[in-house]
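Trainee: This is the structure I want to talk about, given as structure tokens.
The values are calculated or read from the model by the stated rules, or taken from the named source; none is laboratory data. None of the values given here were measured: they were computed from a predicted structure. Because the Cβ atoms are built from the backbone with ideal geometry, glycine has one as well, and the counts that use them run over all protein chains shown. Heavy atoms of the whole protein, side chains included, go into the accessibility calculation; ligands, DNA and RNA do not. Shrake-Rupley method; radii C 1.70, N 1.55, O 1.52, S 1.80 Å.
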Amino acid sequence: EAGVVQSPRYKIIEKKQPVAFWCNPISGHNTLYWYLQNLGQGPELLIRYENEEAVDDSQLPKDRFSAERLKGVDSTLKIQPAELGDSAVYLCASSLGGAQGGGTEAFFGQGTRLTVV
Amino acid sequence: SQQGEEDPQALSIQEGENATMNCSYKTSINNLQWYRQNSGRGLVHLILIRSNEREKHSGRLRVTLDTSKKSSSLLITASRAADTASYFCATDGGYSTLTFGKGTMLLVSP
């Protein structure tokens with residue numbers, strides 16, 4: 001079975017340009033996460049979806065970041081316009097989820113390494 | 001924001017030795033998970049321990065959880081060079097949002 005698939009793997013853009021990342025979670029996984037990881041740091045949550053609903057987006061910088069998960073399957077994360085400080089690895093993960101009973105293990109994609117110049 | 005705090009930040013040992021990493025967290029949890037990250041395979045789940053469990057084993061891994069102290073430890077026995085990676089604890093407060101710590105970098109030398 002395929003794991004979490006992310007694309008592209010690498011992206012270099014100039015500041016003020018838009019950029020989009022795509023994620024296809026493991027089939028049947030209701031929960032989808034987008035994380036941001038800076039060098040030497042742990043992943044930081046940007047947004048979590050339960051099916052097509054964004055249930056935790058408190059850490060998403062909504063002035064420039066947006067995300068969608070149409071039909072509750074794959075998801076897109078967009079940055080517009082990108083800033084130099086957005087350079088990082090963007091990770092997507094999925095899990096079976098557990099609603100209010102607590103979650104299960106998350107499976108991560110390989111990430112997209114974004115460089116803003 | 002990051003709830004977990006791993007200690008030490010970096011650890012260097014020889015093959016065959018045991019490695020112990022600690023994680024402290026701030027708020028109540030439903031479960032705590034440990035992940036490994038290396039350049040080759042990305043972030044990989046290692047083990048999950050629920051709040052009502054005190055100890056769990058998986059192969060060469062042993063995890064303990066002390067909810068009264070809000071802390072957990074990960075022990076890797078008989079370390080191998082292939083265990084070289086960053087290790088992260090992640091807490092689940094009961095609503096499936098995983099909050100990661102900053103990680104411990106483990107270097108296992110042959």
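Trainee: About the Cα centre of chain B, how large is the charge dipole given +1 on each Lys and Arg Cβ and -1 on each Asp and Glu Cβ? Please answer in debye to the nearest 20. Show your work: numbers first, answer last.
Mentor: On the way: 12 positive and 10 negative charges, 41 e Å.
Magnitude of the dipole: close to 200 debye.
Trainee: Below 8 Å between Cα atoms, with a sequence gap of 6+, how large is the relative contact order for the range B:28-77 in percent?
Mentor: On the way: 77 pairs, mean separation 13.2, N = 50.
Result for the range B:28-77 is 26 percent.
Trainee: So what's the net charge close to A:A20: Lys and Arg +1, Asp and Glu -1, counting the other residues with Cβ under 13 Å from its Cβ? All intermediate terms of the calculation are to be shown ahead of the outcome.
Mentor: On the way: positive: A:K11, A:R64, A:K78; negative: A:E68, A:D74, A:D86.
Residues close to A:A20 contribute a combined charge of 0.
Trainee: Can you give the mean number of other chain Cβ atoms that lie within 10 Å of the Cβ atoms in peptide B:31-38?
Mentor: 3
Trainee: Among B:54-65, B:23-34, what's the highest-first ranking by average C-beta atoms within 10 angstrom per residue? It would help to have the intermediate numbers written out before the result.
Mentor: Numbers: B:54-65: 14.6, B:23-34: 19.7.
Per-residue mean Cβ counts within 10 Å order the peptides as B:23-34, B:54-65.
Trainee: Something else: What net charge do the residues around A:L84 carry, taking every other residue with its C-beta under 13 Å from that of A:L84, with Lys and Arg at +1 and Asp and Glu at -1? The partial results should precede the final answer.
Mentor: On the way: positive: A:K15, A:K16, A:R64; negative: A:E14, A:E83, A:D86.
Residues close to A:L84 contribute a combined charge of 0.
Trainee: Also, I was wondering about something else. Pop out the ³J(HN,Hα) list for the range A:64-69 in order, Karplus 6.51 cos²θ - 1.76 cosθ + 1.60 with θ = phi - 60°, rounded to Hz; leave Gly and Pro as x.
Mentor: Coupling constants for the range A:64-69: 10, 9, 9, 9, 8, 9 Hz.
Trainee: Other chains' Cβ within 10 Å of A:31-40 residues: what's the mean? Provide the component values of the computation, followed by the final result.
Mentor: On the way: counts 3, 0, 3, 0, 3, 0, 5, 0, 0, 5.
Other-chain Cβ atoms within 10 Å of each residue's Cβ, averaged: 2.
Trainee: Quote the relative contact order of chain A in percent (integer), defining contacts as alpha-carbon pairs under 8 Å separated by 6+ residues. Walk me through the numbers before you get to the answer.
Mentor: Details: 294 pairs, mean separation 42.4, N = 117.
Relative contact order comes out at 36 percent.
Trainee: DSSP loop GluC sites (Glu not before Pro) in the range A:1-62 with at most 15 other Cβ atoms within 10 Å of their Cβ, which ones?
Mentor: Here the GluC sites (Glu not before Pro) that fit, given the DSSP loop and packing criteria, are A:E1, A:E14, A:E52.
Trainee: Average partner chain C-beta neighbours within 10 Å, per residue of A:43-49? Before the final figure, lay out each step's value.
Mentor: Details: counts 11, 4, 6, 0, 1, 4, 0.
Counting Cβ atoms of other protein chains within 10 Å of each residue's Cβ and averaging gives 4.
Trainee: Just to be sure I follow the rule: in the range A:1-98, considering lysines 8 or more places apart or on different chains, how many pairs have Cα atoms under 17 Å apart?
Mentor: Values: A:K11/A:K78; A:K15/A:K78; A:K16/A:K62; A:K16/A:K78; A:K62/A:K78.
Qualifying lysine pairs in the range A:1-98: 5.
Trainee: Another question, if that's okay. Got a sec? Charge dipole of chain A, +1 on Cβ for Lys and Arg, -1 for Asp and Glu; which of A:T31, A:Q59, A:A20 is way out at the positive end?
Mentor: A:A20
Trainee: Please turn the phi angles of the range A:28-42 into ³J(HN,Hα) values with the Karplus equation 6.51 cos²θ - 1.76 cosθ + 1.60 (θ = phi - 60°), one per residue in order, whole Hz, x for glycine and proline.
Mentor: x, 7, 7, 9, 10, 10, 10, 10, 10, 10, 8, 4, x, 10, x
Trainee: Still on this structure: Suppose all protein chains stay in the model; what accessible area per residue would a 1.4 Å probe give for the protein assembly as shown, in Å²?
Mentor: Details: 10970 Å² over 227 residues.
Per-residue value: 48 Å².
Trainee: Here is a follow-up. If you place +1 on the Cβ of every Lys and Arg, -1 on the Cβ of every Asp and Glu, and leave all else neutral, what size is the dipole of the protein assembly as shown about its Cα centre, to the nearest 20 Debye? Write down the numbers at each step before the final one.
Mentor: Numbers: 23 positive and 24 negative charges, 50 e Å.
With Lys and Arg at +1 and Asp and Glu at -1, about 240 debye.
Trainee: What number comes out for the charge environment of A:K71, summing +1 per Lys or Arg and -1 per Asp or Glu over other residues with Cβ under 13 Å away?
Mentor: On the way: positive: A:R69; negative: A:E52, A:E53, A:E68, A:D74.
Once all neighbours under 13 Å are counted, the net charge is -3.
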